[in-house]
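Asks: First the structure, then my questions, so here it is.
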Amino acid sequence: MIITLLDYGAGNVRSVRNAIKKLGYTVQDVRRPTDILTAERLIFPGVGSYGSVMNRLRSDGFVAPLIERIKSDKPVLGICVALQALFEGSEESPGVAGLGVLQGQVKRFTNPDLSVPQIGWNGINIHKQSHLFKGYKKEKLYFVHSYRATLETTDQEWLLTTSNYGEEFVSGVQKGNVAAFQFHPEKSGAAGLTILANYLSSEKSKPIILSSDNPSNTKQETKIAKRVIACLDVRSNDNGDLVVTKGDQYDVRDKGEVRNLGKPVELAKRYYEEGADEITFLNITGFRDFPMEDQPMLEVLQKTSEQVFVPLTIGGGIREFTDSNGVAYTSLDVASEYFRSGADKISIGSDACCTAEKFLKSNVKTGKSSIEQISSVYGAQAVVISIDPRRVYVNTPDETEHNVIKTEILGPNGEQYCWYQCTVKGGREGRDLDAVQLAMSCEALGAGEILLNCIDKDGTNSGFDVELINHVKSAVSIPVIASSGAGSAQHFVDVFRETDAEAALAAGIFHRREVPIFEVKQALIDDGIEIR
Ligand code: 1PR
């Protein structure tokens, strides 16, 4: 059977395409509005903000045929924002009309104690029998969203699954042959592929409410898991080959040679198979090269996304750029190239510092920064800010205007205080900006997550900088990924016990096979920490 994909050019539809292909089907794109009506099976992936999705559907003439298809009960599977699009509108984009198949508005998560967006692996409770869950064993699935359909608004006839994130919200709807999920089956590893396969394999026009073999579903409050992320710092070595490298405090050379710890695609695949919850690629020389001309790096992403069905983040070189022919590119163009190549999230390093410095001076949101542009098109959840700070010790807090902490790790002269100076260009240049200022400014401008590295800790195997993580985490309400310094499974337990970080990332210990991912997961389970 040929599966028809509604690709309206707004993000990482490549993941869905790859997942369908992996399951053995051929994919064809919707080219004309009538294709929506004639498709045997339609997948409607939701990527981007509510407004950008709906505006794009409207300008392409897809809204009326979509509504007609849904009303005539032809098979449709919607993913993420596509579930939200079934409603009349969303707080995310006031005044933009949704499809209106379901009544009511989609609203933002409101619990002040939780990070928004919800990013990560959460469970579902199934409220009615559906063959979509045949073979599904209650594993966690990958969610990434700031807005959700509420139980109060959702028509009971449509309610399929709920999940908990500070409250119980609607994570799946289904009526007849039309279903939609808030989670991403294409990014939820083997469990997600099972669900997707169930949708794809149904015979044409067979009603979707079928199965009696669904295991009895005891409902429990679902919990989001702490994520374990494998990070691959990638650059060309001196022979011009793209390699995964790893530095000590950002120095990636050993006796003058760039350290080579393996091939990017192979390593990413290994980490996926070993249970990494997410894979991050950092194109560490992206600040001086131009990613859109970096074909090998884009190919790494494309090839990885064919084999890896968990979220992929890529960073490096996201900024405005004018090429040798005088053609100007915006940072949105660069990010779009990464998304088209298979990224689910992009991460911005150096350029975020420049943006934050301007924002702190003027306190004006121009709408033109990379963060604002990418976030408004792809959604906040797709924009990660990579912070590369190092400690600057002071004797007293009033020696600097920066945000200072009292530290237990004393400075070289016994200093008891320090601030965290942001750096750009891979740690080569320090700025008059601290990590808290950067994180808060970027959150205000629309970033959805912080990747918090630490140059002092990077490659040391001495554990995460818990003081830094608490310092930044307490200043923002978006998720924080703790990074740098992991040397053992216990360090992951410590960082999740001693901070509220949502995820922890490591590189060296995984590349050198010192600690396998399953050992990290086992240590977290033994300590009662929720994992996938
Ligand atoms: O500035 O937008 O072009 O992005 C460049 C990106 O490349 C940034 O995200 C920056 O963090 C990263 N980067 C630049 N130079 C280096 C370097 O190492 N020389 N790597 C670098 C950053 C830090 C982590 C590392 C953890 C865990 N690497 O990604 O993986 O510290 O390591 P560990 O577990 O081995 O301790 P832009």
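The values are calculated or read from the model by the stated rules, or taken from the named source; none is laboratory data. Predicted, not measured: the structure shown is a model, and the values here were computed from it. Quick reminder, even Gly has a Cβ in these numbers, built from the backbone with ideal geometry, and neighbours come from all protein chains shown.
Asks: What residue, among those in region 330-374 that are within 19 Å of the chain's Cα centre (by Cα) and among the aromatic types (F, W, Y), is nearest to T285 (Cα to Cα)?
Replies: So, considering only residues that are within 19 Å of the chain's Cα centre (by Cα) and among the aromatic types (F, W, Y), the one nearest to T285 (Cα to Cα) is Y338.
Asks: Of all strands (runs of 3 or more DSSP E) completely enclosed by region 143-207, which ones contain at least 1 residues that are touching a His at 6+ places or on another chain (Cβ under 8 Å)?
Replies: Working: elements: 147-150, 159-164, 168-175, 178-181.
Hits in region 143-207: 159-164.
Asks: Restricting attention to region 308-330, does a residue exist that is surrounded by 24 or more Cβ atoms within 10 Å (Cβ to Cβ) and among the acidic types (D, E)?
Replies: No: region 308-330 contains no residue that is surrounded by 24 or more Cβ atoms within 10 Å (Cβ to Cβ) and among the acidic types (D, E).
Asks: Can you tell me which residues in region 285-340 are hydroxyl-bearing (S, T, Y), within 11 Å of the ligand (Cβ to nearest atom) and not in a helix (DSSP H, G or I)?
Replies: Scanning region 285-340 gives T285, T313.
Asks: Please work out which residue is surrounded by the most Cβ atoms within 10 Å (Cβ to Cβ), limiting yourself to region 348-393 and to residues that are within 13 Å of the ligand (Cβ to nearest atom) and of a type in the set (D, E).
Replies: Checked region 348-393; the qualifying residue surrounded by the most Cβ atoms within 10 Å (Cβ to Cβ) is D388.
Asks: Now for a separate question. From the residues in region 15-47 that are surrounded by 23 or more Cβ atoms within 10 Å (Cβ to Cβ) and of a type outside the set (A, V, I, L, M), which one is farthest from R148 (Cα to Cα)?
Replies: It comes out as S15.
Asks: Taking the condition assigned by TED's automatic domain parsing to the domain that holds I409 and within 13 Å of the ligand (Cβ to nearest atom), does V493 pass?
Replies: Numbers: assigned by TED's automatic domain parsing to the domain that holds I409: yes; within 13 Å of the ligand (Cβ to nearest atom): no.
Answer is no for this residue.
Asks: Considering each residue of region 133-161, count those that are surrounded by fewer than 24 Cβ atoms within 10 Å (Cβ to Cβ), polar (S, T, N, Q) and under 25 Å from the mean Cα position of the chain (by Cα), and give that number.
Replies: 2
Asks: While we're looking at this one, here's another question. Whether any residue in region 465-482 is surrounded by fewer than 23 Cβ atoms within 10 Å (Cβ to Cβ), within 11 Å of the ligand (Cβ to nearest atom) and either in a loop (DSSP other than H, G, I, E, B) or not assigned by TED's automatic domain parsing to the domain that holds R512 (or both) is what I want to check.
Replies: No; the residues of region 465-482 include none that is surrounded by fewer than 23 Cβ atoms within 10 Å (Cβ to Cβ), within 11 Å of the ligand (Cβ to nearest atom) and either in a loop (DSSP other than H, G, I, E, B) or not assigned by TED's automatic domain parsing to the domain that holds R512 (or both).
Asks: Give region 31-48 a look and list any residue that's out of contact with any Ser or Thr (no Cβ under 6 Å at 6 or more places or on another chain) and outside any helix (DSSP H, G or I), or say none.
Replies: R31, R32, E40, R41, I43, F44, P45, G46, V47, G48
Asks: Keeping to region 446-463, report how many residues are more than 9 Å from the ligand (Cβ to nearest atom), touching a residue at least 40 places away in the same chain (Cβ under 8 Å) and not charged (D, E, K, R).
Replies: Within region 446-463, residues that are more than 9 Å from the ligand (Cβ to nearest atom), touching a residue at least 40 places away in the same chain (Cβ under 8 Å) and not charged (D, E, K, R) number 5.
Asks: Of the residues S386, S362, S370, S347, which is more than 29 Å from I229 (Cβ to Cβ) and modelled with pLDDT of 95 or more?
Replies: Result: S362 is the single residue among S386, S362, S370, S347 that is more than 29 Å from I229 (Cβ to Cβ) and modelled with pLDDT of 95 or more.
Rundown of residues vs (1) farther than 25 Å from I531 by Cα; (2) in contact with a strand residue (DSSP E or B) (Cβ under 7 Å, 6 or more places away or on another chain); (3) acidic (D, E), yes/no style:
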site: N260; (1), (2), (3): yes, yes, no
site: P264; (1), (2), (3): yes, yes, no
site: Y271; (1), (2), (3): no, yes, no
site: D277; (1), (2), (3): no, yes, yes
site: T285; (1), (2), (3): yes, yes, no
site: D289; (1), (2), (3): yes, no, yes
site: E293; (1), (2), (3): yes, no, yes
site: Q302; (1), (2), (3): yes, no, no
site: S305; (1), (2), (3): no, yes, no
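Asks: Of all residues being among the hydroxyl-bearing types (S, T, Y) and free of Cβ contacts under 8 Å to residues at least 60 places away in the same chain in region 20-53, which is farthest from K187 (Cα to Cα)? Just the residue, please. Spell out the reasoning first.
Replies: At the first step, the residues of region 20-53 found to be among the hydroxyl-bearing types (S, T, Y) are 25-26, 34, 38, 49-50, 52.
If we keep only those that are free of Cβ contacts under 8 Å to residues at least 60 places away in the same chain too, we end up with 26, 34, 38.
On the way: T26: 19, T34: 29, T38: 27 Å.
Looking at the filtered set, the residue picked out is T34.
Asks: Shifting gears a bit: Could you grab me the full set of residues in region 247-284 that are free of Cβ contacts under 8 Å to residues at least 24 places away in the same chain and in a helix (DSSP H, G or I)?
Replies: Passing the criteria: E266, R270, E273.
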